[in-house]
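The values are calculated or read from the model by the stated rules, or taken from the named source; none is laboratory data. Note that the structure is a prediction, hence the values are computed from the model and not measured. Reconstructed Cβ throughout: ideal geometry from the backbone, glycine too, with neighbour counts over all protein chains shown.
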């Protein structure tokens, strides 16, 4: 069974995502990140600037460029909306929605900020993942 992990109470979700994506890239993983457009734009900027010694290769991907050679060789895909069919099978979700095609992912990481609105949206996503037959696990920043 695939894995869904919720990281909750994250004070700086973009910084957390940058560190997570850097680690995934170093391990040779390919990851698709979903979030609303403004969040992806902020993450795109953050991936260029969060650590001056590291570069995390990433690309804004849509259905139009998902099949390109550039997308195929880029390990981190930033996607606004539903991930294209060619997307990597590891998902990092910074948005409030669960993708419609959940079965194709082998691993899902939900990053949840520390605000009450984020927590409420995360509870809804938890219920959605469970309804799709997944067994989410939880890691709270408060316990670290």
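Considering every residue within the range 14-24, establish whether at least one is out of contact with any helix residue (DSSP H, G or I) (no Cβ under 9 Å at 6 or more places or on another chain) and under 26 Å from residue 120 (Cα atoms).
Checked against the condition, which is being out of contact with any helix residue (DSSP H, G or I) (no Cβ under 9 Å at 6 or more places or on another chain) and under 26 Å from residue 120 (Cα atoms), the range 14-24 yields at least one hit.
Could you please let me know if residue 46 is free of Cβ contacts under 8 Å to residues at least 40 places away in the same chain, part of a helix (DSSP H, G or I) and in contact with a strand residue (DSSP E or B) (Cβ under 8 Å, 6 or more places away or on another chain)?
Details: free of Cβ contacts under 8 Å to residues at least 40 places away in the same chain: yes; part of a helix (DSSP H, G or I): yes; in contact with a strand residue (DSSP E or B) (Cβ under 8 Å, 6 or more places away or on another chain): no.
No, not satisfied.
Can you pull out the residues in the range 64-87 that are at pLDDT below 95 and crowded, with 22+ Cβ neighbours inside 10 Å?
Answer for the range 64-87, where residues must be at pLDDT below 95 and crowded, with 22+ Cβ neighbours inside 10 Å: 83, 87.
Residue-by-condition table, conditions (1) modelled with pLDDT under 95; (2) more than 13 Å from the chain's Cα centre (by Cα):
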residue: 22; (1), (2): no, no
residue: 31; (1), (2): no, no
residue: 42; (1), (2): no, yes
residue: 62; (1), (2): yes, yes
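Do you know which residues across the range 104-118 are more than 16 Å from the chain's Cα centre (by Cα) and either surrounded by fewer than 14 Cβ atoms within 10 Å (Cβ to Cβ) or closer than 25 Å to residue 28 by Cα (or both)? Lay out the reasoning, then the answer.
Here is the first cut: in the range 104-118, the residues more than 16 Å from the chain's Cα centre (by Cα) are 114-117.
Across the range 104-118, the qualifying residues are 115, 116, 117.
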